[in-house]
Structure formats: C-alpha cells, structure tokens
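One structure is given here, and the rest of the page talks about it.
Nothing in this text is a laboratory measurement; each read-out follows from the coordinates by a stated rule. No experiment lies behind these values; they were computed from the predicted model shown. Because the Cβ atoms are built from the backbone with ideal geometry, glycine has one as well, and the counts that use them run over all protein chains shown.
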Amino acid sequence: MARLKKFYQDEVVPRLREELGRENVHSLPAFDKIVVSMGVGRAMQDRKILESAINDLTQLTGQKPQICRARKSVANFRLREGMEIGCRVTLRGKRMYEFFDRLVSLALPQVRDFRGLNPKAFDGRGNYNLGLNEQSVFPEINPDKVKIPQGMNITVVTTAQTDDEGRLLLKEMGMPFRKEGEGGRR
C-alpha cells in the first residue's frame, strides 16, 4: 500500500470526520484521479520535442502518456486538425498516491522562490489545478539531459462537492498552500 494512502486512511479520515461532522467514510472527500498534461506547441516544427515530453512524462508517472491531437484548425497558429500537440497521463490508485507524495515532498520544495500554492485555484467542484514551469523539479528528470524546459499542468480530481471540502482534504494531505494575506502572484 502506498504510504500516502495509509496516511489518508489512518490519520486524515478521522480528522475529516470530526471537521465535517460526518460518520459515513464514503461521504468524506477523497482523491479520484490525478491528470498530468504537457502541451507541446513547438512539436509542430520538431517531432523530437514531443518525444522528449513523452519520455519525461513516462519517467515522472511510470505510465505511458496518451498523445493529444488538435481538435480544430487555427490558421493564425499554423495548426491543423489532428496534429499532435501534447500528451497526458491519468493516474489512479497506487500510482496516483505515489505521484502526489513525490509532488508534495520532493518537487514543490525544488521550485525556485516557492512561497506556497494558491489556495483559490479550485474549479468550483473541489478539483485543484496547478502548473509547473519546468519538469526538472522532479528528481527523476536529469537536468543535464533536458534540452528544452517544458511546463506541465497537474489536476487533482477529488470526490469533494465544494471547494472548501477539497481545500480541507488537500491541506490535510500535506499540500503547501500559501497563507491568507501573503503576497505572491495572483
């Protein structure tokens, strides 16, 4: 069993029960999935950029990414329908907990000038989105082999019904949110 899943069951569930005033374990918020995606617009000119993004995402998640294709043609961006422009991975179960553990304990502290995550980046249904500017903050990626720093979007999908429940779950799981009143980008 993943360390973080055991932590959720043993320590977080009792605190959520007390905080939310619910007895039923299934009504408490939990992780559903984590989606990690990389948009690689420069892949239109060079296929190797997409291949390196796929290799990096495979190393980070332990799972082969799905290639995303353009849905529409956009003349201003020289984009044609069906062109490969990114990749994504959907993590569930043990891999999801292990990735979240590495994200919170190893990758986020490596981000330069990190002051905490925005506590308002929820979507209205308890799901959290965050973006990283480069993939080399993860220890699995060798920074010497990274030719082009590539950003990524990470979406943590929860079973929470509201943003407050999702925020409470992520805070209990160790997500380093910025304190209210602290500065930072908006």
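Spatially, region 53-115 and region 5-20 are offset by 29 Å when compared through their Cα centroids.
What is the dipole size for the chain, taken about its Cα centre, with +1 at each Lys and Arg Cβ and -1 at each Asp and Glu Cβ, in debye to the nearest 20?
660
Fewest-first ordering of MET173, MET38 by other beta carbons within 10 Å of each residue's beta carbon gives MET173, MET38. Close amide-amide hydrogen proximity is noted between LEU79 and VAL74, each under 5 Å apart and 5 or more residues distant or on a separate chain (H modeled in the peptide plane; Pro and chain starts excluded). Farthest towards the positive end of the charge dipole of the chain, among the residues THR90, VAL13, ALA2, is the Cα of THR90, using unit charges on the Cβ of Lys, Arg, Asp and Glu. Quick check on region 83-125: take the gyration tensor over C-alpha atoms, sort the square-rooted eigenvalues as a ≥ b ≥ c, and tell me if it's rounded (a/c under 1.5), prolate or oblate. Rounded, since a/c falls under 1.5. Remind me, relative contact order of region 1-151 in percent, using alpha carbon pairs under 8 angstrom and six or more residues apart? Across region 1-151, relative contact order equals 23 percent. Counting only DSSP beta bridges whose two residues both lie in the chain, roughly 95 percent are antiparallel. Going by the alpha-carbon gyration tensor, a ≥ b ≥ c the square roots of its eigenvalues, is region 49-130 rounded (a/c under 1.5) or, if a/c is not under 1.5, prolate (a/b greater than b/c) versus oblate? Prolate, because a/c is 1.5 or more and a/b exceeds b/c.
Taking other C-beta atoms within 10 angstrom as a stand-in for reagent exposure, VAL156, VAL74, VAL111, VAL40 fall in the order VAL74, VAL111, VAL40, VAL156, fewest first.
Each listed q (0.09 Å⁻¹) maps to a log10 I(q)/I(0) for the chain from the Debye sum over equal C-alpha point scatterers, namely -0.37.
Each pair of Cα atoms in region 1-95 enters the Kirkwood radius, and Stokes-Einstein at 25 °C and 0.890 mPa s then converts it into a translational diffusion coefficient of 152 µm²/s.
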